[in-house]
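A quick write-up on the structure given underneath.
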Amino acid sequence: MPALDPLRTLLLAFTGWVSRHQAEVIEYLIEENRVLKEQMAGKALRLDDDQRRRLAAKAKVLDRKTLERVAAIVTPDTLLRWHRQLIALKWTYPRTVPGRPCIIRVIRELIVRMATENSTWGYARIQGELKGLGHKVARSTIAKVLKQNGIPPAPDRPTSWKTFLRAHWGRVAAMDFLTAEVWTPKGLETQHVLFAIDLKTRRVECAGITPNPTEAFMAQVARNLTDPKDGFLREHVALIIDRDSKFTACFRETLEKTGVEVVRTPYMAPNANAFAERFVLSTKSECLERMILFGRRRLHRAVGEYIAHFNWERHHQGIDAVPVPRNRGSMHGRVRSHERLGGLLRHYRRAAA
């Protein structure tokens, strides 16, 4: 026999070593998969469609016997089941539910919107409005939609709080208390700050500060607010208050005698007096909770400074405006910072050019 070429011998040896090395790697991976499968015994393995596709593509070139030997995560039967499901999905058509088609979501939303925004509209009125928008809907369908959404018929449907406020916009104010802890020679003392806020302009006025809001105090506040010359409520027709016992019957009667209707919010409904509640939160978070109040005079000054800042300097996102112009159209002039309470409250304006 002729002697083998040294290069061929080297290549054969290298090929054999690579084959043995690959076989060892494959055996290790197979054993590792088996260990992982044993660790996951009893746990469902969730594969997404992309993972199934990758496994099926790699398994395509292997015969069933080899696949049964090396596969540890899925079996050949699993791959075949995936294939059958894919074929079944191809020939599966969407099912049609017998009966009349369900009213589309847009029309349902319109019906609910019209009923909630217009408390006096009945089925026929809503039907006519929908017809004007190009939707032909039966009265029975409208009644069914309202019933599903818990909306009663027109005679029993109350006027929404939002509609009431808009109907009296510019003539409605709200009132509430906020409390602050003040250090006095006797220790901490709780002070009650009574304020009123105009809902349209967000203008606020402090009606009084006292440690004990008695009936006499509240009666005097009512007279001050309704003063025909400079009373905060002289041009208002309604005042929203909560059901706090500090708003006494004498206080309410004094207001109603001057033509101001007192509207008491429902029980456990702070959102019904949201503007006043928001002012309480802003005052405490931006001012009072960032100060240590030594004496009542310090509290009076802090509240007065914050209300001035709130009325004339602070932006109000709800009305997208500020009471005093800021030369917002001008891009000239140096920007200056204006401070209150030692820099606790700030606003910025451009200096006159």
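Where a number appears in this text, it was derived from the coordinates with a stated rule and is not lab data. All values reported here derive from a predicted model rather than from experimental measurement. Positions of Cβ are backbone-derived with ideal geometry, glycine not excepted, and every protein chain shown enters the neighbour counts.
A few notes on this one:
- Of all residues in region 237-248, one or more are over 20 Å from Ala274 (Cβ atoms), within 37 Å of the chain's Cα centre (by Cα) and loosely packed, with under 15 Cβ neighbours inside 10 Å.
- Of the residues making up region 226-250, those that are of a type outside the set (A, V, I, L, M, F, W, C) and over 15 Å from Leu178 (Cα atoms) are Thr226, Asp227, Pro228, Lys229, Asp230, Gly231, Arg234, Glu235, His236, Thr248.
- If you check Thr201, Thr254, Thr190 for being part of a strand (DSSP E or B), on the phi < 0 side of the Ramachandran plot and hydroxyl-bearing (Ser, Thr, Tyr), only one passes: Thr190.
- Residues (polar (S, T, N, Q) and within 32 Å of the chain's Cα centre (by Cα)) located in region 118-140: Asn118, Ser119, Thr120
- Residue list for region 286-301, filter: under 14 Å from Thr179 (Cβ atoms) and in a helix (DSSP H, G or I): Leu288, Glu289, Arg296, Leu299
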